[in-house]
Structures are given as structure tokens and as C-alpha cells.
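Novice: I'd like to ask some things about the structure below.
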Amino acid sequence: MLVDSQMHVWGAHTEARPWPTEVRHIAHRARPPDTSEVVAVLDAAGVDRAVLVPPSWEGDRNDVALAAARAHPERLAVMGRVPLTDPDNAQRLPGWRDSPNMLGLRVTLHREPLRGAFLDGATEWFWAAAADARLPVMVYPPGLVREIGRVAARYPGLRIAVDHLAAPVDKNGAEAYAELPSLLALARLPNVAVKASAQPCHSRQPYPFTDVHEPLQRVIDAFGPHRVFWGSDWTRLPCSYADNLRFFEAALVGLSSEEIALTLGSALLRWLDWP
């Protein structure tokens with residue numbers, strides 16, 4: 001089974017449904033994808049399922065992603081967002097997965113004010129509550145990998161998947177992987193996994209993006225195929241969806257067919273408890 005660890009759906013910025021005022025530029029395509037387009041992309045590439053991740057530029061909304069998952073519950077599920085600056089939201093987490101098609105939580109720490117709140121300790125309630133509720137968390141922490149490691153060490157029962165190999169959205173080549181040694185060091189923590197999503201976005205070369213094969217292979221060697229999850233971040237890829245999948249498969253040299261199956265989907269299903 002092939003499972004994409006990250007795709008976005010979102011609504012347009014309108015007066016009736018505005019985005020947060022501090023967000024006006026995104027790295028993704030301008031036109032929001034609809035659910036039928038997402039499913040068509042999966043079908044064309046032979047991908048069975050995808051995790052929908054509500055994007056940061058919409059704020060802490062889950063409605064569009066949940067509606068898409070409701071329309072295709074056998075194919076799509078959601079890692080939802082919760083406001084991190086309000087500790088009262090801790091009471092929502094014990095019943096978080098009671099919402100149909102909701103698997104866990106996603107956190108983005110690449111922009112203020114969440115980045116500062118995380119560094120100041122204002123989000124500690126969230127990590128504790130997610131651990132208590134046994135909810136998996138996907139986190140995008142460029143520049144904060146060591147700090148995320150300290151969170152994982154404090155809460156060994158909390159499953160954390162680091163998005164995009166922690167590569168900054170605006171960097172490519174060697175600059176994108178400056179934190180790779182810190183990321184590899186987290187492999188010692190069994191509750192940390194890595195999403196190998198959006199990797200063509202960080203290449204300085206055209207397809208097959210061979211300059212990012214080495215960091216990807218080092219991550220797989222360190223974490224093992226049971227803790228590295230293929231993904232696309234489809235709406236900002238510099239290539240076709242199918243080419244992204246072919247690129248990833250080409251980087252899996254030396255792995256057995258069973259190990260390839262793990263990192264292409266089955267390991268993610270286990271990590272997220274997605275039946």
C-alpha cells in the first residue's frame with residue numbers, strides 16, 4: 001500500500017473566510033486544489049491513501065481537510081491543527097480522534113508567533129497533553145531540531161514525526177540540510193520518525209534530483225525504513241506527482257522489497273494507527 005504522508009487542501013482567502021492577516025505569501029500554487037483533484041492525482045500515480053495536513057497559512061482550521069476526508073474516508077485522513085497559544089485547548093485532546101477521519105496533530109514552528117512561543121516554553125502544555133492523549137504529532141521545526149529532540153526525550157510516549165527532513169522552505173542544496181547532523185542524532189529516540197516529504201523542492205538540480213539522494217539515504221540509514229515516511233507536499237513540487245514518487249524510489253538503493261514497502265506507506269499506517 002502506498003501512502004503519501006503530506007498533502008494540502010485549503011480554501012481561498014475571502015472576506016467570508018479570511019486567512020490570518022500576517023500571511024499573504026505561500027510557497028504553494030495559488031489555486032486551491034479540490035478534493036476530486038487530489039483523488040485523481042493519487043489514482044494516476046497508483047497511490048492508495050494520503051494524509052491531509054491543514055496548511056499554516058489558513059490558521060488553525062481543519063474544516064476543508066475534514067470535509068475532503070469525509071468524502072473519501074477510505075483514502076484520506078487528517079492530522080489536524082489546534083491553537084498552540086491557548087492552554088485551554090488541552091481539554092480537547094483526549095477526544096481528538098473521536099472526530100471521524102482525524103488521526104492526530106500537526107504543528108508548524110517556522111513562523112512567528114508560534115516559533116517564539118515554542119522557544120519560550122508557552123507550548124509545553126501541548127506536548128504534555130498530546131503525550132497523555134497518545135496522539136501522534138507531525139511537526140515542521142526548521143532551525144529547532146535539537147529543541148524538538150528535547151521534547152521527545154521529555155515525553156517518550158509521544159510519537160513525533162519531523163516534516164520535510166526539517167529543511168527550511170526557502171533553502172535548497174547543502175543549505176537545506178544544514179541541520180542534518182542534529183536530525184540524525186534524533187534517531188536514538190524511538191519515538192521520533194521523519195517525513196521524507198517535499199524533497200525535490202530542496203534540490204538544485206532537475207529530475208531525478210540526485211543531489212538530495214545522499215541526505216535522504218543518510219536519514220533512512222539512521223532511522224530505518226520503519227521510521228521514514230515518503231510524502232509529496234504535492235502543491236509545491238517542482239515536478240509531477242509521479243516523478244516525485246519515482247525520485248524517492250530511486251533513492252531507496254540497497255533496501256529489500258519489504259523495507260521499501262515500509263517507507264512507502266505501511267510504516268506510516270502503523271505509526272498513525274490508521275487501520
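Novice: For segment 60-73, give me the residue count where each residue is surrounded by 15 or more Cβ atoms within 10 Å (Cβ to Cβ) and not in a helix (DSSP H, G or I).
Specialist: Residues that pass the stated criteria total 4.
Novice: Check Leu76, Leu109 and return the single one that is touching a strand residue (DSSP E or B) at 6+ places or on another chain (Cβ under 7 Å), within 30 Å of Pro181 (Cβ to Cβ) and buried (at least 20 other Cβ atoms within 10 Å of the Cβ).
Specialist: When all the criteria are applied, what remains is Leu109.
Novice: Tally up the residues in segment 153-163 that are surrounded by 24 or more Cβ atoms within 10 Å (Cβ to Cβ) and either assigned to a helix (DSSP H, G or I) or of a type in the set (Gly, Ala, Ser) (or both), please.
Specialist: Qualifying residue count for the region: 2.
Novice: Okay, next question. Taking only segment 171-187 into account, find how many residues are of a type in the set (Gly, Ala, Ser), surrounded by fewer than 20 Cβ atoms within 10 Å (Cβ to Cβ) and under 18 Å from the mean Cα position of the chain (by Cα).
Specialist: 1
Novice: Out of (1) under 24 Å from Pro238 (Cα atoms); (2) in contact with a helix residue (DSSP H, G or I) (Cβ under 8 Å, 6 or more places away or on another chain); (3) not in a loop (DSSP other than H, G, I, E, B), the odd one out for Phe118 is which?
Specialist: Of (1) under 24 Å from Pro238 (Cα atoms); (2) in contact with a helix residue (DSSP H, G or I) (Cβ under 8 Å, 6 or more places away or on another chain); (3) not in a loop (DSSP other than H, G, I, E, B), only one is false for Phe118: (1).
Novice: Could you tell me which of the residues Pro168, Pro142, Pro190 is within 22 Å of His226 (Cα to Cα) and surrounded by fewer than 23 Cβ atoms within 10 Å (Cβ to Cβ)?
Specialist: Of the residues listed, the single one that is within 22 Å of His226 (Cα to Cα) and surrounded by fewer than 23 Cβ atoms within 10 Å (Cβ to Cβ) is Pro190.
Novice: Would you tally the residues in segment 30-53 being closer than 13 Å to His8 by Cα, in a loop (DSSP other than H, G, I, E, B) and at pLDDT 95 or above?
Specialist: Residues flagged as closer than 13 Å to His8 by Cα, in a loop (DSSP other than H, G, I, E, B) and at pLDDT 95 or above within segment 30-53 amount to 1.
Novice: Can you pull out every residue in segment 164-179 that is outside any helix (DSSP H, G or I) and over 20 Å from Ala222 (Cα atoms)?
Specialist: Pro168, Val169, Asp170, Lys171, Asn172
To keep it simple, each residue is scored yes or no on (1) surrounded by 15 or more Cβ atoms within 10 Å (Cβ to Cβ); (2) in a loop (DSSP other than H, G, I, E, B); (3) among the β-branched types (Val, Ile, Thr); (4) in contact with a helix residue (DSSP H, G or I) (Cβ under 7 Å, 6 or more places away or on another chain).
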| site | (1), (2), (3), (4) |
| --- | --- |
| Pro206 | no, yes, no, no |
| Val212 | yes, no, yes, yes |
| Leu216 | yes, no, no, yes |
| Asp221 | no, no, no, no |
| Asn244 | yes, no, no, yes |
| Leu252 | yes, yes, no, yes |
| Glu259 | yes, no, no, yes |
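The values are calculated or read from the model by the stated rules, or taken from the named source; none is laboratory data. Just so it is clear, the model here is predicted, and its values are computed rather than measured. All Cβ positions, glycine included, derive from the backbone under ideal geometry; neighbour counts span all protein chains shown.
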